[in-house]
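All remarks here apply to the structure that follows.
Values quoted throughout were computed directly from the atomic coordinates according to the rules given, and no laboratory measurement underlies them. Fair warning: this is a prediction, and the values are worked out from it, not measured in the lab. Every residue, glycine among them, receives a Cβ derived from its backbone with ideal geometry; neighbour counts consider all protein chains shown.
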Amino acid sequence: MKFTLSQLPERAQKPRSVGLTMVMDKGLSTEETRNFLSIAHPHVDVVKLGFGTSYVTPDLEKKLDVYKSYNIPIYFGGTLFEAFLIRDQLEDYIQMCAYYGVSYMEVSDGSVNIEHKEKCRLIEKLTQYATVLSEVGSKDAEHVIPPYKWIEQMRAELKAGASYVIAEARESGNIGIYRGTGEVREGLVQEILTQIPSEKILWEAPLKSQQLYFIQLVGANVNLGNISPQEMMALEAMRIGLRGDTFDLFLNKKIPQ
């Protein structure tokens, strides 16, 4: 039996350009991938094979075939891109992505120092081969980037051809747009949103409290990333007000007390 509820926010339909959910795959087996997608595939927009896990994954092609069977695009983590770049193997990276049929690429500089003009040049080049996501923000907790610099870099990277800019948080959610405690740097986020369209930002938000913050701030169709496969269904429920944290968020008629 299919049931319906009134007063739920309208979710953008797949294939969608807003309300994206990017899942962080840190080493699922092929069978785990199949099981995960058997229930979550309607709600997953893109999957990142985190950092360099794709390099050490046995039978990578079999695993990628499962994602392809559900029409879920994948991309390799930005750390792997940087590993190729620092070894002067950019063309090898492009060829590898083509070999595996990867249609997304992440350009990041979290582990390698790249002059920003060069980063934008790389974005422009890679848009010839794939949809480019560019990551803004440092993985170094001691390197705090001021809001104006976030905005400046995001604007330049979108102009260079990035389809989305990723607001860095790391897989642990305690860096970049977050403090070491995982708390959102609210002033930074809200200043970014005065200049950069929310639909062009993918907020890395691995923790429930972070996901909740952005749903409350932007709405059900906020772009969220670094979501654990195990939390995928819970997040989708929270997006539409079917979790205690957001239960009242979209209701326009309250139950009398």
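Brief remarks follow.
- The equivalent ellipsoid that matches the C-alpha gyration tensor of segment 183-257 spans semi-axes of 22, 16, 11 angstrom, in descending order.
- When the C-alpha to C-alpha distance is required to be over 19 Å, the pairs from K68/K125; K117/K159; K48/K68; K159/K200; K26/K62 that qualify are K68/K125.
- Dipole magnitude of segment 21-246 about its Cα centre (Cβ charges: Lys, Arg +1; Asp, Glu -1), debye to nearest 20: 320 debye
- Ranked list, fewest to most other Cβ atoms within 10 Å of each Cβ, for V56, V23, V218, V112: V56, V112, V218, V23
- For segment 21-246: rounded, prolate or oblate by the Cα gyration tensor [a/c cutoff 1.5]: oblate
- Reach of K63 by Cα under 18 Å, taken over aspartates and glutamates that are not fewer than 8 positions away in the same chain: D25, E31, E32, D45
- Counting beta carbons within 10 Å around each of F51, F81 and listing the fewest first gives the order F51, F81.
- Tail weight of P(r) past 15 Å, computed on alpha-carbon pairs of segment 190-229, percent: 36 percent
- To the nearest ten degrees, helix 60-69 and the longest principal axis of the Cα atoms of the chain are 40 degrees apart.
- Sorted from greatest to least, the principal axis extents spanned by the alpha carbons of segment 1-139 come out as 56, 35, 27 Å.
- Treating r as the C-beta distance of V144 and Y55 and R0 as 35 Å, the FRET efficiency rounds to 0.70.
- Taking the helices alone, the chain has a mean residue ellipticity at 222 nm of -10500 deg cm²/dmol, built from -39,500 (n - 2.57) per DSSP H run of at least 4 residues and averaged over all its residues.
- Positive dipole terminus of the chain, leading residue within G244, L122, G225 (C-beta point charges): G244
- Among E32, E82, E10, E135, a tally of other beta-carbon atoms within 10 Å of each Cβ gives an order, fewest to most, of E10, E32, E82, E135.
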